[in-house]
Amino acid sequence: MARSLRIREMTPRDHDAAVDLGRALPEFFNDQGIAEMTADIPKERGAVAEIDGELAGFVTWTADENMGHIGWIAVSAHHHREGIGRRLIEVVENAAIAAGAPFLQVETLGESVDYEPYDRTRSFYRGVGFEDFKNEMLDNPGMPEMLTLRKRL
Ligand SMILES: CC(C)(COP(=O)(O)OP(=O)(O)OC[C@H]1O[C@@H](n2cnc3c(N)ncnc32)[C@H](O)[C@@H]1OP(=O)(O)O)[C@@H](O)C(=O)NCCC(=O)NCCS
């Protein structure tokens, strides 16, 4: 049966389901990450992807004339590599362009940390047009190296 993918604006009624989706990806989001996600989601703009009415992914962002910034993005593991993340990034790009932002920025785990799941995450960002912008070493056991990527709009 053909599935129906719908991308729409996130509403407050989606917040709990979005955090649950994040919680179901423990390779990517530890307890601290989930706590930060829970706090950030209500403060940011967001979009959700639904497949046959079920939440399959979400993204949150902020955007102004200085830059667009991706807060959180996650797609359910059952639906990785189906193009949903790319569609969600397109929504953010359009919103950031509308806000007059010259580029979109995101931070993720740097590659000096030998941890395969985030190899996939970095491949995703690079695959949808982001380029490495800077690397920083942090005093944070959850993120000892932070990679900042940017996509010019
Ligand atoms: C990162 C994530 C959001 C990507 O979503 P997705 O729907 O799986 O990605 P897409 O299918 O849209 O991929 C778009 C492109 O990214 C690249 N890409 C995505 N996953 C990849 C992988 N595992 N390996 C190599 N390239 C990959 C490819 O270029 C892909 O295009 P293609 O399939 O036409 O080759 C998703 O994998 C996820 O939820 N990961 C866990 C949470 C996470 O890491 N969030 C970000 C924290 S900073």
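A few comments on the model shown:
- The listed residue being of a type in the set (A, V, I, L, M) and assigned to a strand (DSSP E or B), out of ALA17, ALA56, ALA39: ALA56
- Test: residue in region 64-81 that is of a type in the set (A, V, I, L, M) and farther than 22 Å from ARG126 by Cα: no
- Number of residues in region 18-33 that are near the ligand (Cβ under 10 Å from one of its atoms) and of a type in the set (Asp, Glu) equals 1.
- Residue list for region 81-113, filter: within 17 Å of GLY71 (Cα to Cα), among the charged types (D, E, K, R) and free of Cβ contacts under 8 Å to residues at least 40 places away in the same chain: GLU90
- Single match in GLU65, GLU36 (criterion: modelled with pLDDT of 95 or more and within 15 Å of the ligand (Cβ to nearest atom)): GLU36
- Enumerated strands (runs of 3 or more DSSP E) restricted to region 66-153, each holding at least 2 residues that are surrounded by 13 or more Cβ atoms within 10 Å (Cβ to Cβ) and over 14 Å from the mean Cα position of the chain (by Cα): 131-137, 145-152
- The residues of region 68-99 that are farther than 20 Å from PHE133 by Cα and more than 13 Å from the ligand (Cβ to nearest atom), listed by number, are ASN94, ALA95, ALA98, ALA99.
The values are calculated or read from the model by the stated rules, or taken from the named source; none is laboratory data. Predicted, not measured: the structure shown is a model, and the values here were computed from it. Cβ: placed from backbone, ideal geometry, glycine included. Neighbour counts: every protein chain shown.
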